[in-house]
Amino acid sequence: MPMRFYVVKIGGSLIEHAKEIVRRFFLLSERGYGFLLVPGGGPMADLVRSLYSRGMVSDEAAHWMAVLAMEEYAYLLADGTGAELVDTPYPAQGVRVLRPYRYLMENDRGLEHTWDYTSDSIAALVACRLNSDMIKVTDVDGVMISEKLVSAVRASELMGLQSCVDQGSLRIIESCGARCFVLNGSVPDELIAMVEELPERCRGTVIW
């Protein structure tokens, strides 16, 4: 059976459940899955946003400070879970956590240094470079349009709309033809069951 590999963005909204989610991914890795986890920014990035909103840092400084906030979250995801920290993304069986700063300092083509491009966009960029599907694990059931959960939607249809996925990631997904599965990770066991059903069935929203 060929390996099923995903780039997985774990949002800061799930920081209380994050380590348990990582441990659950190891159960799937024993069955031939591979996961490269891309951390969100969490409360560390919220501090950067606050400083930016007060005019204390530029767009350029805020961009790299937010990437460093992702590095901090990466250490939290790896701490005590057994996940390996890596500076260069690659597809492989097991569970690894990307420290994105060095990787992006070498090449962040495709990312604009604005708040349209957050950790979602970085995960999408990595997925595209690895020719992989992406899973965005967050605290909502999927993408809402007109207060209704949609099971599937084109990236182009979400551009200009406020949703749980940032605008930059939509542009990246559309440009490279990747898919992004938006899943609720608030209950780790249910998340694992949903991942096992992919890509045939998505109990959240698939964006393409």
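The values are calculated or read from the model by the stated rules, or taken from the named source; none is laboratory data. Keep in mind the model is a prediction, meaning the values are calculated, not measured. Note that we place each Cβ from the backbone using ideal geometry, even for glycine, and neighbour counts take in every protein chain shown. Only protein heavy atoms, including side chains, enter the accessible area calculation; ligands, DNA and RNA are left aside. Shrake-Rupley method; radii C 1.70, N 1.55, O 1.52, S 1.80 Å.
Determine whether segment 41-58 contains at least one residue that is within 19 Å of Thr138 (Cβ to Cβ) and aromatic (Phe, Trp, Tyr). Looking for residues that are within 19 Å of Thr138 (Cβ to Cβ) and aromatic (Phe, Trp, Tyr), one finds none in segment 41-58, hence no.
Could you check how many residues of segment 19-56 are under 22 Å from Ala123 (Cα atoms) and either touching a Gly at 6+ places or on another chain (Cβ under 7 Å) or at pLDDT below 95 (or both)? Break it down stepwise before answering.
The initial filter retains those residues of segment 19-56 that are under 22 Å from Ala123 (Cα atoms), namely 19-26, 28-29, 32-49.
Next, only the ones that are either touching a Gly at 6+ places or on another chain (Cβ under 7 Å) or at pLDDT below 95 (or both) stay: 19, 21, 26, 29, 34, 40-43, 45.
So the answer is 10.
Remark: pairs (first residue in segment 81-101, more than 17 Å from Glu30 (Cα to Cα) and open to solvent by 10 Å² or more (accessible area, probe 1.4 Å); second residue among the acidic types (Asp, Glu) and in a loop (DSSP other than H, G, I, E, B); Cβ separation under 7 Å; 6+ apart in sequence or on different chains) = Arg99/Asp87. Right, Leu130: at pLDDT 95 or above and within 16 Å of the chain's Cα centre (by Cα) or not? Against the criterion (at pLDDT 95 or above and within 16 Å of the chain's Cα centre (by Cα)), Leu130 qualifies.
With respect to Asp108, determine if the residue is over 13 Å from the mean Cα position of the chain (by Cα), over 27 Å from Ile192 (Cβ atoms) and surrounded by 14 or more Cβ atoms within 10 Å (Cβ to Cβ).
Yes, satisfied.
Scanning segment 28-36 turns up at least one residue that is among the hydroxyl-bearing types (Ser, Thr, Tyr), in a strand (DSSP E or B) and out of contact with any His (no Cβ under 9 Å at 6 or more places or on another chain).
Specify the residue that is farthest from the chain's Cα centre (by Cα); the eligible residues are those in segment 22-53 that are aliphatic (A, V, I, L, M) and surrounded by 22 or more Cβ atoms within 10 Å (Cβ to Cβ).
Here is the first cut: in segment 22-53, the ones aliphatic (A, V, I, L, M) are 22, 27-28, 36-38, 44-45, 47-48, 51.
Add one more test, that the residue is surrounded by 22 or more Cβ atoms within 10 Å (Cβ to Cβ), and what stays is 22, 36-38, 45, 48.
Details: Val22: 13, Leu36: 10, Leu37: 7, Val38: 5, Ala45: 14, Val48: 19 Å.
Checked segment 22-53; the qualifying residue farthest from the chain's Cα centre (by Cα) is Val48.
Residue by residue, here is whether (1) among the aromatic types (Phe, Trp, Tyr); (2) at pLDDT 95 or above; (3) crowded, with 22+ Cβ neighbours inside 10 Å; (4) closer than 27 Å to Ala62 by Cβ holds:
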site: Ile122; (1), (2), (3), (4): no, yes, yes, yes
site: Leu149; (1), (2), (3), (4): no, yes, no, no
site: Gln162; (1), (2), (3), (4): no, no, no, yes
site: Val165; (1), (2), (3), (4): no, yes, yes, yes
site: Leu183; (1), (2), (3), (4): no, yes, yes, no
site: Glu190; (1), (2), (3), (4): no, yes, no, no
site: Ala193; (1), (2), (3), (4): no, yes, no, no
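Scanning segment 167-181 for residues that are open to solvent by 20 Å² or more (accessible area, probe 1.4 Å) and either aromatic (Phe, Trp, Tyr) or in a loop (DSSP other than H, G, I, E, B) (or both) yields Gly177, Arg179.
Can you name every residue in segment 95-138 that is of a type in the set (A, V, I, L, M, F, W, C) and not in a strand (DSSP E or B)? Please lay out each step first, then the result.
Residues of segment 95-138 that are of a type in the set (A, V, I, L, M, F, W, C), as a first pass: 95, 97-98, 104-105, 111, 115, 122-128, 130, 134-135, 137.
The answer is Leu104, Met105, Leu111, Trp115, Ile122, Ala123, Ala124, Leu125, Val126, Ala127, Cys128, Leu130.
Residues in segment 54-80 that are hydroxyl-bearing (Ser, Thr, Tyr) and either part of a loop (DSSP other than H, G, I, E, B) or open to solvent by 10 Å² or more (accessible area, probe 1.4 Å) (or both) were compared, and the one that is farthest from Gly94 (Cα to Cα) is Ser58.
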